[in-house]
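Sharing a structure below in structure tokens format, with a few things to ask.
The values are calculated or read from the model by the stated rules, or taken from the named source; none is laboratory data. Bear in mind that the values here come from a model prediction, so they are computed numbers and not experimental data. Because the Cβ atoms are built from the backbone with ideal geometry, glycine has one as well, and the counts that use them run over all protein chains shown. Just the protein is used for accessible areas: all its heavy atoms, side chains included, with ligands, DNA and RNA removed. Shrake-Rupley method; radii C 1.70, N 1.55, O 1.52, S 1.80 Å.
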Number of protein chains: 2
Amino acid sequence: MSERVVAKYLMETAFPIEQAADVIGGEQSSGTFVQVPGETADLRERFRARVEEIHVLETVSEPSLPGGGVPTEGGGNYTRAEVTYSFSLENMGVNLPTLIATVAGNLFELRDVSGLKLLDFDVPQAFAERYVGPQFGIKGTRELAGVFDRPIIGTIVKPSVGLTPDATASLTGDLAEAGIDFIKDDELMADPPHSPLKERVEKVMAVINEAADRTGKKVMFAFNITDELDTMLEHHDTVLNAGGTCVMVSLNSIGSAGVAYLRKHCQLPIHGHRNGWGMLTRHPMLGIGFSAYQKIWRLAGVDHIHVNGFRNKFWEPDDSVVQSMKACFKPFLGGYEVMPVISSGQSAGQAPDTYKRAGSVDVMYLAGGGIMAHPGGPASGMKALSQAWEAAVNGIDLETYAEVHIELKQAIKKFGNLF
Amino acid sequence: MSERVVAKYLMETAFPIEQAADVIGGEQSSGTFVQVPGETADLRERFRARVEEIHVLETVSEPSLPGGGVPTEGGGNYTRAEVTYSFSLENMGVNLPTLIATVAGNLFELRDVSGLKLLDFDVPQAFAERYVGPQFGIKGTRELAGVFDRPIIGTIVKPSVGLTPDATASLTGDLAEAGIDFIKDDELMADPPHSPLKERVEKVMAVINEAADRTGKKVMFAFNITDELDTMLEHHDTVLNAGGTCVMVSLNSIGSAGVAYLRKHCQLPIHGHRNGWGMLTRHPMLGIGFSAYQKIWRLAGVDHIHVNGFRNKFWEPDDSVVQSMKACFKPFLGGYEVMPVISSGQSAGQAPDTYKRAGSVDVMYLAGGGIMAHPGGPASGMKALSQAWEAAVNGIDLETYAEVHIELKQAIKKFGNLF
């Protein structure tokens, strides 16, 4: 097992960059501040993390993070660099939790850096033997949803909290009638007393199954099964047995080991909600970049992962959203297909840009208010989104297309501020 | 179920603070950018997150995080405040993963804030019905380790990687001979090819059991069982069946749901390693404070949790370490006893300050190099630490005590730079 795990970081340091880069290598070998008995040169050579490449970037006058020491040379500035390491697979074995402890463990803490972000990583093919990855991916999801050659268009049940199972089922009925492809629970709505998952599944699936029998189209509903693990598996079975076709989990709450555990048992696509992600990435010099983050979840077996959307209600710039979508489209370990989920403040208006920059229709395109608050009701909201994507794919200007598509025209009028 | 979850944040915003505070309440009710059908005033009142208190702090001229908008009033400054919310338990039920999605979910992303840190939270007593919490805590750990009225003194097997089971067992023998209380695997050493956990447990426990039979003292060894969950439980059983008395997991890699799953099955204390924690907390205006963080793990059932140490090798200042220790000592839900683990660049020199400021000996005090690289060998390193704590507890000056304790004197000479 001589293969190596590669990990790339954005680093900032008050110290000479080679020295700071080396400390991380040390933290991954002797792991203490002095040479210890048993730590031979041979052993260090074989197991130590290796600095593979240092690409020096700009210098800055203020440190990004506290506790990083004071510059001792270089004009009192802090140096930034992209630093690539390799770690011996022998150190961790094929073990995703220990891989995480290695590439995203006690490194952010080091006072030798005043900024550290894990940008990306790659693992040897050996990981594919233990981690089978997403079960459905884009292709399998499309087959279950019966949607091809265009985005899977969907919505989130809103309000996030307070709706009864009957109210959710009634809303689902309206949306199914409108021809929607996909509906998901909000991440706050798992198994609360006012809407127990079992009852919600029963009532929602009755409506979906009835509509499917009638129209031949079964709406994919991602039920939020986020819970303690035994209960999560029970909830999965409840969804499966009721004829459901998707389950959703809050990735950061469940953890990669919990998701991998679900994946072993799961017979449905896993819809990965990344709530809490802002904490891990919003600072440019701390945490994890999405390219690395999504690989963890693809290894764990997630089929869909949220990537935010253009002109979203969050902090994230469009360029970052584009990079996230592209990261999802890039094959990992030769496959591990994951479907990016676009959402947050979306309506018809963002479709053309999204299509242009994603370069693909292999996305889920979710709008909450953009569908539910359409002046003509949810059915019109759904139609407006379909029309927007038709225009985008066919290269027709949105305003022009809206001239002959009333729902799109209404959407542009109401949500115009989002363009 | 009218009880409420309370959560306190440090917030920074370009906008009027009441307005920004309100957006988070909104994100937790309608959860979208426009009023939607079905969202009645009654429903909002009952389920909406409530702003309970706003305590305005300083203003700053530069935003802590990107994407937070531009100040529209107040002299172009960004306002900081402590904001306390309450969330209806009805929204989430007694569900730790969904609690996390609620109090630490899609809030850090909001462009209405340019900084957000979850400082603390509290849950209603109903959580105690589902989450039994730590099984051993301080009292149970002391009984298993046979150490009372002083810190449990221990070390980490170093180097972090590369040692064979035989080498680890041999080192363990030396340390057991020296009278050490506790040894732990490094977080990088779980079940790698060069030291399979099963073989390591077998060889290490043979040495520990033999020493225990001879001396009556059984060293507590925290085996790193971090892995996919089925394997993790198998590893737990391996440790238990070999007579082991502790298991360790990388908390952030396993996740709260994975740890709660282990807790259900577990018959040994869970030693919680927080590697990766720097990513969540090092920026003062982003992420989670330790007070909130450690409550998640106490609910999940962790018995020991790492808190860093004084004058550590990481970025963390001593005041922050003191706060973390005190957070652990504070009863949660009337108990949920957790033992703080002090480590990182520790040697004899930090004992007096640690005792003075922690106000307690109910800690684990771990030294890697501080024991292993002692000039007289690990046995002398162990003795030096015991002597340092004796001096601390008895209020004797360390230098004075070292006059008549040779191992302490040697430690001070070698590691003096850490004082």
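At a threshold of 8 angstrom on Cα-Cα distance, excluding pairs fewer than six apart, so keeping six or more, what relative contact order does the stretch B:137-418 reach in percent? Could the numbers behind the result be given before it?
Details: 527 pairs, mean separation 51.5, N = 282.
Taking the mean separation of contacting Cα pairs over the length of the stretch B:137-418, I get 18 percent.
Can I ask one more? Taking the label point 7 Å from Cα in the Cβ direction, how far apart in nm is A:Pro196 from each other copy of itself, listed shortest first?
In ascending order, 4.6 nm.
Also, quick follow-up: Which parts of the stretch A:270-310 would a label at A:Thr215 reach, counting a residue when its backbone N lies under 19 Å from a point 7 Å out along Cα-to-Cβ?
Counting only backbone N, you get no residues.
Oh, and also: Excluding A:Pro317 itself, calculate the net charge of residues whose Cβ lies under 14 Å from the Cβ of A:Pro317, where each Lys or Arg counts +1 and each Asp or Glu counts -1.
Values: positive: A:Arg282, A:Arg311, A:Lys313, A:Arg357, B:Arg111; negative: A:Glu316, A:Asp318, A:Asp319, A:Asp353, B:Glu109.
Summing Lys and Arg as +1 and Asp and Glu as -1 gives 0.
While we're here: Given only helices, namely DSSP H runs of n ≥ 4 each adding -39500 (n - 2.57), what is the per-residue ellipticity at 222 nm of chain A, to the nearest 500 deg cm²/dmol?
Values: 18 runs with 176 residues, N = 419.
-12000 deg cm²/dmol, from helical runs alone.
At 0.36 nm per residue, minus the direct Cα-Cα distance, what do B:Ala41 and B:Asp230 gain on full extension? Give it in nm, one decimal, please.
Values: separation 189, 0.36 × 189 = 68.04 nm, distance 4.68 nm.
Stretched out fully, the B:Ala41 to B:Asp230 stretch lengthens by 63.4 nm.
Relative to the first principal axis of the alpha-carbon coordinates of chain A, what is the inclination of helix A:290-300, with its axis defined by its Cα atoms, in degrees from 0 to 90 and to the nearest 10?
80
Could you please report the charge total around B:Gly146, scoring K, R as +1 and D, E as -1 over all other residues with beta-carbon less than 9 angstrom from its beta-carbon? Before the final figure, lay out each step's value.
On the way: positive: B:Arg142, B:Lys217, B:Lys218; negative: B:Glu143, B:Asp181.
Taking every other residue near B:Gly146 into account, the sum is +1.
A further question on this structure: What is the distance, in nm, between label points placed 7 Å from the Cα along the Cα-to-Cβ direction at A:Asp122 and at B:Arg130?
It works out to 4.3 nm between the two label points.
Can I ask one more? Take every residue in peptide A:64-71, count the Cβ atoms of other chains within 10 Å of its Cβ, and give the average of those counts. The partial results should precede the final answer.
Values: counts 2, 6, 7, 7, 2, 1, 0, 0.
Taking all residues of A:64-71 together, the mean is 3.
Points 7 angstrom from Cα along the Cβ direction at A:Asp318 and A:Glu82: gap in nanometres?
Output for this residue pair reads 2.4 nm.
Based on the Cβ-Cβ distance of B:Ser61 and A:Lys356, what FRET efficiency does E = 1/(1 + (r/R0)^6) give at R0 = 51 Å, to the nearest 0.05?
On the way: r = 38 Å, r/R0 = 0.74.
Between B:Ser61 and A:Lys356 the formula returns 0.85.
As I understand it, the value is the acute angle between the Cα axis of helix B:318-329 and the longest principal axis of the Cα atoms of chain B; what does it come to in degrees, rounded to 10?
90
How many partner chain Cβ atoms sit within 10 Å of a residue's Cβ in peptide A:310-317, on average, as a whole number? List each step's numbers first, then the result.
On the way: counts 0, 0, 3, 9, 7, 12, 4, 2.
For this peptide, the per-residue mean of nearby foreign Cβ atoms is 5.
Let me ask you something else. Please give me the summed charge of the neighbours of B:Pro66: other residues whose Cβ is under 10 Å from its Cβ, Lys and Arg +1, Asp and Glu -1.
Numbers: positive: A:Arg282, B:Arg111; negative: A:Glu316.
Residues near B:Pro66 contribute +1 overall.
Right, something else. Using θ = phi - 60° and the Karplus relation 6.51 cos²θ - 1.76 cosθ + 1.60, list the HN-Hα couplings for the stretch A:115-125 in order, rounded to whole Hz, with x at every Gly or Pro.
Ordered by residue, 3J(HN,Hα) equals x, 7, 9, 6, 8, 6, 8, 9, 10, x, 4 Hz.
Which percent of the accessible area of chain A is formed by carbon and sulfur heavy atoms (probe 1.4 angstrom)? Mind showing how you got there, number by number?
Numbers: 6820 of 13690 Å².
Summing carbon and sulfur atoms, their accessible area is 50 percent of the total for chain A.
Separate question: Normalised by the number of residues in the stretch A:110-262, what is the relative contact order in percent for Cα pairs under 8 Å and 6+ residues apart? Kindly include the intermediate steps, with their values, before the conclusion.
On the way: 178 pairs, mean separation 31.3, N = 153.
Worked out over the stretch A:110-262, it gives 20 percent.
Relative to the longest principal axis of chain B, what angle (0 to 90°, nearest 10) does the C-alpha long axis of helix B:17-27 take?
It works out to around 80 degrees.
Distance in whole Å from the B-onto-A rotation axis to the closest C-beta of chain B, together with the residue it belongs to, please.
Residue nearest the B-to-A axis, with distance in whole Å: B:Gly255, 1.
I want to check the label-to-label distance for A:Glu399 and B:Val393. Put each point 7 Å from Cα in the C-beta direction and report it in nm to one decimal.
It works out to 8.1 nm between the two label points.
If you don't mind, there's one more thing I want to ask. Mind grabbing the interface size between A and B? I mean buried accessible area, both sides, 1.4 Å probe, in Å² to the nearest hundred.
On the way: alone 17720 and 17730 Å², together 27390 Å².
In total, chains A and B hide about 8100 Å² from solvent.
Report, in whole Å, the centroid distance computed from the Cα atoms of the stretch A:293-321 and the stretch A:390-412.
About 27 Å separates the Cα centre of the stretch A:293-321 from the one of the stretch A:390-412.
If you find the alpha carbon centre of the stretch B:104-179 and of the stretch B:211-279, how far apart are they in angstrom?
If we compute the Cα centre of each part, the gap is 10 Å.
Still on this structure, I have one more. For B:Pro66, go 7 angstrom from Cα along the Cα-to-Cβ vector, then report the distances to that same point in the other copies in nm, smallest first.
Copy-to-copy label distances for B:Pro66: 2.4 nm.
When ligands, DNA and RNA are left out and all protein chains stay put, how many square angstrom of accessible area per residue does the protein assembly as shown have with a 1.4 Å probe? Don't skip to the answer; put the middle values down first.
Working: 27390 Å² over 838 residues.
I get 33 Å² per residue for the protein assembly as shown.
Compute the Cα gyration tensor for chain A, then decide on rounded, prolate or oblate, letting a ≥ b ≥ c be the square roots of its eigenvalues: rounded whenever a/c is under 1.5, prolate when a/b is larger than b/c in the other cases, and oblate in all that remain.
On the way: a/c = 2.44, a/b = 1.71, b/c = 1.43.
It comes out prolate by the Cα gyration axes.
Here's something else I'd like to know. Which percentage, to the nearest 5, of the DSSP beta bridges contained in the protein assembly as shown is antiparallel? Write out the running numbers ahead of the final one.
Values: 54 of 106 bridges.
Here the antiparallel bridges make up roughly 50 percent for the protein assembly as shown.
Could you work out how much longer the chain between A:Glu53 and A:Gln19 gets when fully extended? Use 0.36 nm per residue separation minus the Cα distance between them, nm to one decimal. The partial results should precede the final answer.
Values: separation 34, 0.36 × 34 = 12.24 nm, distance 1.33 nm.
Stretched fully, the A:Glu53-A:Gln19 segment lengthens by 10.9 nm.
Provide an ascending nm list, one decimal, of label-point separations from A:Gly334 to the equivalent residue in each further copy; define each label point as 7 Å from Cα along Cα→Cβ.
A:Gly334 label point versus its equivalents elsewhere: 5.8 nm.
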